[in-house]
Structures are given as structure tokens and as C-alpha cells.
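Please treat every number below as a calculation from the coordinates, not as lab data. As the structure is a computational prediction, the values presented were derived from the model and not from experiment. Please note: Cβ atoms are built from the backbone with ideal geometry, for glycine as well, and neighbour counts cover all protein chains shown.
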Amino acid sequence: MKSTVSPALQSSRNLQKHTNLNPIHRWLLKRFHRKVAAMLAEALADLQSRDTSHPPFVLDAGCGEGFAETYLAQHVQKIRLVGLDFRPEAVAYAWEQNAPHGQWLAGDVAKLPLRERAVPVVMCLEVLEHLADPWGALKELSRVSSGYLLLSVPSQPFFALANLMRGKNLRTLGDDPEHLSHWTARTFRKLLGRHVDVLRVEHSFPWVIVLAASTTRDGKR
């Protein structure tokens with residue numbers, strides 16, 4: 001397939017991450033996607049046990065160029081994937097390069113163009129740390145989810161250490177300059193638990209992945 005990268009995408013860290021040819025980097029990313037796929041399959045199995053009439057709809061909020069959709073479509077059965085990103089150039093790239101694996105639309109994670117409880121599973125991978133109001137965005141993600149949330153963020157200090165080990169972001173001691181929030185796996189889970197019902201936590205160095213119910217145990221948002 002012909003690769004087309006617009007000038008606007010040249011600085012995309014997500015694109016750089018997923019096209020990096022370093023074998024260790026690619027192994028870590030594949031391991032991350034494999035764990036995301038396993039946790040998503042767990043959520044889908046529960047949903048399909050309750051309703052077998054059609055494949056569950058999965059929204060990836062902040063999907064970037066659609067690389068996660070490509071992996072998930074190939075490794076998770078009976079799934080309908082829709083990706084959303086605020087960058088039109090990323091959405092255009094996803095349509096061009098990954099069209100067989102999902103659908104994509106432009107939109108804001110903090111103001112999703114969907115009605116309440118419209119989506120059985122909402123994913124948001126490597127996005128919350130970039131946002132000025134991550135917990136406000138989490139509220140919006142929870143609003144449109146009728147079942148599950150699948151979230152991931154960099155796990156500190158491991159994320160910064162991994163960057164330092166490969167000589168990246170030295171001026172910021174390994175931190176990504178685009179990251180506005182920094183959490184350890186423990187603090188992220190604790191803060192997340194104030195908003196949703198945390199069901200499962202997985203560690204995939206240097207990230208932490210959380211599967212949660214979009215409502216708390218008392219049924220409140």
C-alpha cells in the first residue's frame with residue numbers, strides 16, 4: 001500500500017511511534033496492543049453473552065492515525081470499530097491507510113458527537129495525559145459508554161526512564177513535552193476509581209492499561 005504522509009503529519013508523535021523501526025520499540029508496542037486486545041475481548045465477551053444480535057460497537061476516542069484499529073480488527077473477532085480524532089489530517093490518513101479495519105471521524109474527546117450511553121465500549125489510549133482537563137474528558141467518555149471503558153496512560157517513572165535509556169527527551173528528563181499530566185500506575189488507578197468502577201489493571205511497560213465499567217457500583221456516573 002502506498003504511504004502518504006501530509007506535511008501536517010510530519011510532526012505527529014503517534015505516527016512516529018507506530019512507524020518506528022527499532023525492534024525493541026516495536027516489540028513493546030506489539031505487547032501493548034496484545035494486552036489491549038485481550039482486555040477488549042474480555043469486555044466484548046460479556047456484552048455478546050447478553051446480546052448476540054450484532055457485533056458490539058467500539059469507539060476509539062483519540063485514535064490518531066488508526067493503528068490500534070488495524071491491530072484490533074485482525075486480532076479481536078466480531079467487532080465494529082470507529083475511531084475519532086481532533087486532527088483532520090490523522091483522520092484522512094486513517095481512511096487512506098486503514099479503511100478495511102474501521103471507520104473514522106473528526107471530533108473532540110471532550111465533546112463527543114454521540115448521545116448518552118450510545119457506545120458499549122469506549123477506548124481512550126495514550127490520550128488523557130495530553131489533555132488540560134483529563135477528568136472532564138473521562139466524564140464525557142463515561143457519558144457515551146453504556147458498558148466499558150478501556151484506558152491507558154504512560155506509567156511514571158518508567159515511561160521517562162525508558163525514554164532516557166534511548167536518549168530521548170533528555171532536556172525534560174525523559175518526559176514527553178506534550179504530556180500535561182503524569183501518573184504512576186497506582187495514582188492513576190486511585191484517581192480513576194473516584195469516577196468509574198475499575199475492573200482490571202494491566203501493566204505493559206512503560207504503560208498502564210485499565211478496564212473499567214462506565215458506572216460505579218452504585219449505578220452513578
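Quick notes on this structure:
- Cα-Cα separations in the stretch 139-190 greater than 11 Å, expressed as whole percent: 72 percent
- Mean projected area in nm² (Cα convex hull; one quarter of hull surface) for the stretch 134-221: 5.7 nm²
- Backbone amide hydrogens, once placed in the peptide plane, bring Ser214 within less than 5 Å of Gly147, Tyr148, Leu149, excluding anything fewer than 5 places away on its chain.
- Segments 172-179, 77-84 sorted - mean Cβ within 10 Å per residue, highest first: 77-84, 172-179
- Applying a threshold of 29 Å to the alpha-carbon distances of Lys35/Lys168; Lys35/Lys190; Lys78/Lys168; Lys30/Lys190 flags Lys78/Lys168 as lying beyond it.
- Tail fraction, Cα-Cα pairs, the stretch 55-120, threshold 15 Å, whole percent: 46 percent
- Sum of side-chain charges, Thr19 neighbourhood, beta-carbon under 14 Å (Lys, Arg +1; Asp, Glu -1): +3
- Over 25 Å [Cα-Cα, the stretch 18-149], rounded percent: 23 percent
- Computed about the Cα centre, the dipole magnitude for the stretch 63-156 is approximately 480 debye when only Lys and Arg (+1) and Asp and Glu (-1) carry charge, each at its Cβ.
- Among Lys139, Lys111, Lys35: highest mean-square fluctuation, GNM of the chain, C-alpha pairs under 10 Å: Lys111
- If only the Cβ of Lys and Arg carry +1 and only the Cβ of Asp and Glu carry -1, the dipole of the chain around its Cα centre is close to 500 debye.
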